[in-house]
1. Cut-off 10 angstrom, C-alpha nodes, Gaussian network model of the chain. Which of P54, P37, P85 fluctuates the most?
2. Below 8 Å, C-alpha to C-alpha, sequence gap of six or more: please give me the relative contact order for the chain in percent.
3. Roughly to the nearest percent, how much of the accessible area of the chain is carbon and sulfur, given a 1.4 Å probe?
4. Taking Cα atoms, how many degrees apart are the long axis of helix 85-100 and the longest axis of the chain, rounded to 10 and kept between 0 and 90?
Amino acid sequence: MAVLDNLQAGSGAVEVDFVDVLRRTGCRVRGHARYAPMREAPAGLVERFENAWPDLAPLMHGVVTIDVDHAEVLTSPSYDVGGTPDALVDHWIRRYADAVGYAATRRA
């Protein structure tokens, strides 16, 4: 609950990175965040989550929304030297599978 406490006590200014760990790409957003309990969540937001992840929805207590002031794309330096999304996904699936002792397979 520390994040919620911080949002409620402060200005709500946040910087959040969303990263695809297999493709090594993502985005960084800066803006102002607000927490809303489920009963006050923006219309449609909860329903989209419930449809996408029905098993997780009952665990939700609320949502955090961010009014984005700035956004930028994040990419790995691997792309600067010729890396491709498919090659990076294949590499990281094998690497993670090896780390936990699973056979590496990639689903389309």
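The values are calculated or read from the model by the stated rules, or taken from the named source; none is laboratory data. Everything quoted here is computed from the prediction, not taken from an experiment. Quick note on the areas: whole protein, heavy atoms, side chains included, nothing else; ligands and nucleic acids left out. Shrake-Rupley method; radii C 1.70, N 1.55, O 1.52, S 1.80 Å.
1. The residue that fluctuates most here is P54.
2. 27 percent.
3. 55 percent
4. 90 degrees
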